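Any read-out appearing in this document is the output of simple, stated calculations on the displayed coordinates, not a laboratory observation. Values in this document were obtained by computation on a predicted structure and should not be read as measured data. All Cβ positions, glycine included, derive from the backbone under ideal geometry; neighbour counts span all protein chains shown.
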Amino acid sequence: MRDTLNLGLIDFLKASPTPFHATASLVQRLEAAGYQRLDERERWSTTPGGRYYLTRNDSSLIAIRLGKESPVTQGLRLVGAHTDSPCLRVKPQPELQRQGFLQLGVEVYGGALLAPWFDRDLSIAGRVTFRQDGRVASQLVDFQVPIAIIPNLAIHLNRAANEGWAINAQNELPPILAQVDGSERFDFRALLTEQLAKEHGVNADVVLDYELSFYDTQPAAVIGLNGDFIAGARLDNLLSCFAGLQALLRAEGDETCVLVCTDHEEVGSSSACGADGPLLEQTLQRLLPEGDDYVRAIQRSLLISADNAHGVHPNYADKHDGNHGPKLNAGPVIKVNSNQRYATNSETGGFFRHLCLAEEVPVQSFVVRSDMGCGSTIGPITASRLGVRTVDIGVPTFAMHSIRELAGSHDLAHLVKVLGAFYAARALP
Ligand SMILES: [Zn+2]
């Protein structure tokens, strides 16, 4: 099962260079498993035992398997993750011509580790909005092949490069796409019009707008002398989206199960489709009974918020508390922070540990060093919005927010197993 899951994750990552593509990848897999689309603009008619999904902004998704048992007495089993990752976004008027090179201006999305973006074979993907026959429409595009690069400056010209070098995002990040002689003005939107025709057979009158980002074309891979690792872009947090999906598709049982994968976590989750927006609440209000029964259902529910954790790195072990250094391939990590940067409490953390013990899945704990600040994730945000009991967990990784992150090749299977047991759990605490 481990190898099948890892290969499935590698395919999923390749098909998901942006949150839009990640959502489309999830949709494709859900529809193949018989899940039906719910349109947020229409009236819904759902039946117990039915399988449904909805998307918002093409970049956030909720999948629901309605239980045969009432969620008012049984509660919901929710798993949350996020579809976005730090990256370089193409600016609205991006064309630059300098020193005979065609470049595109970029904006940094989220807390990207910038140095690894240099010297990589980059492509572009995202959503394009255009006009065709007087109507406004959107399509996802993915150039797929390497069309750009951000070359480093030679060390001979920057002797301080290995002694801590600040990267100026405005000046140093525009990727190079081509050499040009300056006789013709390059129009990025014309290139997008061509791509729409090539990829979708669409004859757009004009490209109106877009949300496009650069990504690394090197596919994810299982690596290491003994295949101990999986290296790839966007493991934070597409690994958790994929694990949640696999657990949902495999889950047996009569309880109501929900997978919620939202965009914009890397920039704080405050958006119409983000975890700090009303998406999940509005969806549950439409699916659950009103009033007392709505609150009863929520209070019987539990959310596992899955987002990657920091494994202890052999070259930087002092960045972890000596007693809390999660190891790669040693199972999911329960994340604890008494200042509520994580939503875990003793009951929710204890229940997750109980699930791991019952499934014979190894489990670890993380708390940040007391002299360092702590990151956060969708767990506390969703818990605050919904009032639902929550545990924050995640697979230990290295190089979080790099263009190429690293996880253990055994940990995806661990996570799928325990999330599957959660979805199938007869009783919640
Ligand atoms: Zn994350």
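Taken over region 1-138, the convex hull of the Cα atoms encloses 198 Å³ per residue. Centre-to-centre separation between the Cα atoms of region 1-65 and those of region 297-336: 26 Å.
Taking each residue as 0.36 nm, the span from N226 to A330 lengthens on full extension beyond its C-alpha to C-alpha distance by 35.9 nm.
For the pair region 383-429 and region 190-234, the centres of their Cα atoms are 26 angstrom apart. How many lysine pairs in the chain, separated by 8 or more positions in sequence or lying on different chains, have Cα atoms less than 22 Å apart? Number of lysine pairs found: 6.
In units of 2.2 N^0.38 Å, what is the alpha-carbon radius of gyration of region 261-349?
Numbers: Rg = 17.2 Å, N = 89, 2.2 N^0.38 = 12.1 Å.
So the Cα radius of gyration is 1.42 times the expected 2.2 N^0.38 Å.
Of V361, Q340, Y316, which is farthest towards the positive pole of region 239-383's charge dipole, taken about the Cα centre with +1 and -1 on the beta-carbons of Lys, Arg and Asp, Glu respectively? Of the candidates, Y316 comes out farthest on the positive side. Taking the dipole about the Cα centre of region 220-334, with the C-beta of Lys and Arg at +1 and of Asp and Glu at -1, give me whichever of A231, C241, A306 is farthest to the positive side. Final value for the positive-end residue is A231.
Residue by residue, region 129-137 carries 3J(HN,Hα) couplings of 10, 9, 10, 9, 6, x, 10, 9, 9 Hz when phi is fed to the Karplus relation 6.51 cos²θ - 1.76 cosθ + 1.60 (θ = phi - 60°); x denotes Gly or Pro.
Note down the relative contact order for region 87-216 as a percent, whole number, built from C-alpha pairs under 8 angstrom at least six residues apart.
On the way: 231 pairs, mean separation 50.6, N = 130.
After rounding, I find 39 percent.
Summarise the long-distance tail of P(r) for the chain by giving the % of C-alpha pairs beyond 38 Å. Write down the numbers at each step before the final one.
Details: 21904 of 91806 pairs.
Result for the distance tail: 24 percent.
Extension gain N158-H200, at 0.36 nm per residue separation less the Cα-Cα distance, in nm?
Stretched out fully, the N158 to H200 stretch lengthens by 10.7 nm.
Of the options A63, S45, F118, report the single residue whose Cα projects farthest towards the positive end of the charge dipole of region 41-142 (beta-carbon charges: Lys, Arg +1; Asp, Glu -1). Checked the options; the winner is S45. Residues whose amide H falls under 5 Å from that of S271, counting only those 5 or more places apart or on a different chain, are D276, G277, with hydrogens built in the peptide plane.
Taking max minus min of the alpha-carbon positions on each principal axis, region 92-132 gives extents of 40, 30, 17 Å, largest first. Extents of region 87-216, taken as max minus min of Cα coordinates on every principal axis and listed largest first, are 56, 36, 22 Å.
Dividing the alpha-carbon Rg of region 161-223 by 2.2 N^0.38 Å yields what? Intermediate values should be presented prior to the final figure.
Working: Rg = 17.2 Å, N = 63, 2.2 N^0.38 = 10.6 Å.
So the Cα radius of gyration is 1.62 times the expected 2.2 N^0.38 Å.
Taking label positions 7 Å along the Cα-Cβ direction at both D209 and H354, the computed distance is 4.8 nm, reported to one decimal.
Among the GluC sites (Glu not before Pro) within region 203-312, those in coil by DSSP and having at most 16 neighbouring Cβ atoms inside 10 Å are E252, E290.
Can you pull a Stokes-Einstein diffusion coefficient for region 1-55 at 10 °C (1.306 mPa s), Rh from Kirkwood over Cα pairs, as a whole number of µm²/s?
Values: Rh = 12.8 Å.
Using the Kirkwood radius from Cα pairs, D works out to 124 µm²/s.
Set the Förster distance to 56 Å, then compute FRET efficiency between A317 and Q99 from the Cβ-Cβ distance, nearest 0.05.
Details: r = 44 Å, r/R0 = 0.78.
Once rounded, the FRET efficiency stands at 0.80.
Phi-derived couplings, Karplus 6.51 cos²θ - 1.76 cosθ + 1.60 at θ = phi - 60°, listed residue by residue for region 285-297: 4, 7, 9, 9, x, 8, x, 3, 5, 5, 5, 4, 4 Hz, with x used for Gly and Pro.
Converting phi to 3J(HN,Hα) with the Karplus coefficients 6.51, -1.76 and 1.60 and the offset θ = phi - 60°, region 394-402 yields x, 7, x, 9, 10, 6, 4, 6, 7 Hz in sequence order, with x at every glycine or proline.
Applying a DSSP loop filter and a limit of 15 other Cβ atoms within 10 Å to the chymotrypsin sites (Phe, Trp or Tyr not before Pro) in region 1-97 leaves W44.
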